[in-house]
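Worksheet for the structure shown next.
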Amino acid sequence: MKTFERLLLNNKAWAEELLMLDANYFTRLSKIQKPEFLWIGCSDSRVPANEITNTEPGEVFVHRNIANLVVPNDLNVLSVLEYAVLVLKVKHVIVCGHYGCGGIRASMQHQELKSINQWLDNIRTTHSANQSELDGMENIDERADRLTELSVEAQVMNLSKTSVVQKAWKDWQQPVLHGWVYRLSDGILKPICIKQPEPGN
């Protein structure tokens, strides 16, 4: 069997199993989308939003990219944010990084891959802003883990400055912005930071 054919067979088995439990599952799911959460996560295949939060399809609106970045001129993430916040009216936006992130590691080294190298400039800026703290760590794994946390904080800050979030905060005092980091070794999410509108904003 070809590798990709396994995915199609798995899909069929999954759908059949759900229909056995609830004959109207897909009919109901297809008619409404009212997620409370927007998840901005890493493209890493080991960090799937629904699985690690134990949520069902329809509960989390998801955007993923290399190293879970919120780059101010990235139309992809901005379009997802605009739709999630202004149309779906999500109550929470979560930026979730993960320890052991290849994008974080790559940002600490020179990369020959042009597009990725350019994309990771956002993390390098965070690294430069926290140079003294990071240089004080001898262990490269500890340094990478700390940069992961600092980058998540920076992305939450980037989110808070977008016109979409500023408008939503002014109009209805939502969403709350969260920065989390996922640990691959034990499957646990660690809250890093939270940002919400000031009263009267």
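The values are calculated or read from the model by the stated rules, or taken from the named source; none is laboratory data. None of these values were measured; they are calculated from a predicted model. Note that we place each Cβ from the backbone using ideal geometry, even for glycine, and neighbour counts take in every protein chain shown. Ligands, DNA and RNA are excluded from the accessible area calculation, which covers all protein heavy atoms including side chains. Shrake-Rupley method; radii C 1.70, N 1.55, O 1.52, S 1.80 Å.
Sort segment 37-118 into rounded, prolate or oblate with this rule: let a ≥ b ≥ c be the square roots of the eigenvalues of the Cα gyration tensor; rounded if a/c is under 1.5, and if a/c is not under 1.5, prolate when a/b is larger than b/c, oblate otherwise. Intermediate values should be presented prior to the final figure.
Working: a/c = 2.99, a/b = 1.51, b/c = 1.98.
Oblate shape, in that a/c is at least 1.5 and b/c is the bigger or equal ratio.
Place a +1 charge on the Cβ of each Lys and Arg in segment 85-166 and a -1 charge on the Cβ of each Asp and Glu, then give the dipole magnitude about the Cα centre in debye, rounded to the nearest 20.
For this selection, approximately 560 debye.
Would you mind checking the pairs Lys91/Lys170; Lys34/Lys91; Lys114/Lys161 and listing those with alpha carbons more than 19 angstrom apart? Working shown, then result.
Details: Lys91/Lys170 14 Å; Lys34/Lys91 11 Å; Lys114/Lys161 28 Å.
With Cα atoms farther than 19 Å apart: Lys114/Lys161.
Suppose all protein chains stay in the model; what accessible area per residue would a 1.4 Å probe give for the chain, in Å²?
59 Å²
Assign one of three labels to segment 100-201, namely rounded, prolate or oblate, based on the Cα gyration tensor with a ≥ b ≥ c the square roots of its eigenvalues; rounded applies when a/c is under 1.5, prolate when it is not and a/b is larger than b/c, and oblate otherwise.
Prolate shape, in that a/c is at least 1.5 and a/b is the bigger ratio.
If you take the square roots of the eigenvalues of the alpha-carbon gyration tensor of the chain and sort them as a ≥ b ≥ c, do you get rounded (a/c under 1.5), prolate (a/b over b/c) or oblate? Mind dumping the intermediate values first?
On the way: a/c = 2.06, a/b = 1.27, b/c = 1.62.
Oblate is the answer for the chain, as a/c is 1.5 or above yet b/c matches or exceeds a/b.
Normalised by the residues of the chain, what does the relative contact order come to in percent, with Cα pairs under 8 Å and at least six apart?
Computed value for the chain: 20 percent relative contact order.
Restricting to the chain, compute how many DSSP beta bridges are antiparallel as a %, nearest 5.
Details: 7 of 25 bridges.
That works out to approximately 30 percent antiparallel.
List every DSSP H helix in the chain whose Cα atoms extend 15 Å or more along the helix's own long axis and whose mean Kyte-Doolittle hydropathy is at least -1.0.
3-21, 140-161
What size of dipole, in debye to the nearest 20, comes out for segment 1-50 about its Cα centre when the only charges are +1 on Lys and Arg C-beta atoms and -1 on Asp and Glu C-beta atoms?
Roughly 120 debye for segment 1-50.
Once phi is turned into θ = phi - 60°, what whole-Hz ³J(HN,Hα) does the Karplus curve with 6.51, -1.76 and 1.60 give for every residue of segment 29-40, x standing for Gly and Pro?
5, 6, 9, 8, 9, 10, x, 8, 10, 10, 10, 10
Could you give the distance between the Cα centres of segment 150-164 and segment 1-53, to the whole Å?
29 Å
Dipole size in debye (nearest 20) for the chain around its Cα centre, Lys and Arg Cβ +1, Asp and Glu Cβ -1?
580 debye
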